1. Return a yes/no flag: does the range 71-85 have any residue that is assigned to a helix (DSSP H, G or I) and over 19 Å from Asp30 (Cα atoms).
2. Looking for something open to solvent by 10 Å² or more (accessible area, probe 1.4 Å), of a type in the set (A, V, I, L, M) and touching a residue at least 24 places away in the same chain (Cβ under 8 Å) - is there at least one such residue anywhere in the range 104-112?
3. One residue is enough: does the range 151-162 have a residue meeting the conditions basic (Lys, Arg), over 18 Å from Ile42 (Cα atoms) and open to solvent by 10 Å² or more (accessible area, probe 1.4 Å)?
4. Please name all residue pairs, on different chains or six or more residues apart, with Cβ atoms under 6 Å, provided the first residue is in the range 32-48 and is surrounded by 14 or more Cβ atoms within 10 Å (Cβ to Cβ) and the second residue is in a loop (DSSP other than H, G, I, E, B).
Amino acid sequence: MDFFFLTNFGSGRKLKGMDLRTVLTPETVDLHLKGSTKEEIIEELLDVLVKAGKVTDKEAAKECVLDRERKMSTGMKHGIAIPHGKTDTVTDLVACIGISDKAVDFDSLDQEPCRIFIMTLSPVNKTGPHLQFLAEVSLLFKSAEKRAQILNTADKAEVIRILTC
C-alpha cells in the first residue's frame, strides 16, 4: 500500500497541511551515517530522533520500524529508503534524514543500495500526516538533480532547503 501511495502521489502537487520544514530541522539531519546494514542505519536514525528530543522510547520505536521492515522493505528506488512506522512513542509525526557515506543494501525495489534515508514515525491513531509526509518525500524519486544535490551538500540546512524547494 505504501508503494502504491508513493508512486501515485509523486506527481509534484503539494498536499494541503504538510510542510516538510515544520518536521525536518538541522537537528534531525545527519550527513554522515556510518552503518553498513539496514539495522545499523535504523539505529542511527533513531539516535538522531532521540538526540533531537523527538523520541523518548528508542527501543519501542525501533521495534515498530523493524516490524514494518519485516512486512515489506522500505528501500524504494534511486538510492532512497524511507523506514517508517506507527507507534505510541510519539504524539505527532516526527522525521529525520540521514545520508550515508557509503551505499547500504536496504532490500530496495530496484535492488540498488541506498545512501539517502528518511525516517518517519507517527502516532498509531493519526494516518493523514503520515501519508502526506510520505507523499512529499516521494517527490525525490522524480528528481535525479535533487538527489545529487543532497548527496553532495555539507550543510544540514541545505538538505532541508533542497527537499522543500
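The values are calculated or read from the model by the stated rules, or taken from the named source; none is laboratory data. Just so it is clear, the model here is predicted, and its values are computed rather than measured. Here Cβ is always computed from backbone atoms with ideal geometry, including for glycine, and neighbour counts include all displayed protein chains. Side chains are part of the model used for accessible areas, which takes the heavy atoms of the whole protein and leaves out ligands, DNA and RNA. Shrake-Rupley method; radii C 1.70, N 1.55, O 1.52, S 1.80 Å.
1. Yes, the range 71-85 contains a residue that is assigned to a helix (DSSP H, G or I) and over 19 Å from Asp30 (Cα atoms).
2. Scanning the range 104-112 turns up at least one residue that is open to solvent by 10 Å² or more (accessible area, probe 1.4 Å), of a type in the set (A, V, I, L, M) and touching a residue at least 24 places away in the same chain (Cβ under 8 Å).
3. Yes, that holds for at least one residue.
4. From residues that are surrounded by 14 or more Cβ atoms within 10 Å (Cβ to Cβ), the pairs are Lys38/Phe106; Ile41/Gly35; Ile42/Pro83; Glu44/Gly35.
The rows are residues; the columns are (1) in contact with a helix residue (DSSP H, G or I) (Cβ under 9 Å, 6 or more places away or on another chain); (2) polar (S, T, N, Q); (3) crowded, with 21+ Cβ neighbours inside 10 Å.
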| site | (1), (2), (3) |
| --- | --- |
| Asp67 | no, no, no |
| Met76 | yes, no, yes |
| His84 | yes, no, yes |
| Ser100 | yes, yes, yes |
| Asn125 | no, yes, no |
| Gln149 | yes, yes, no |
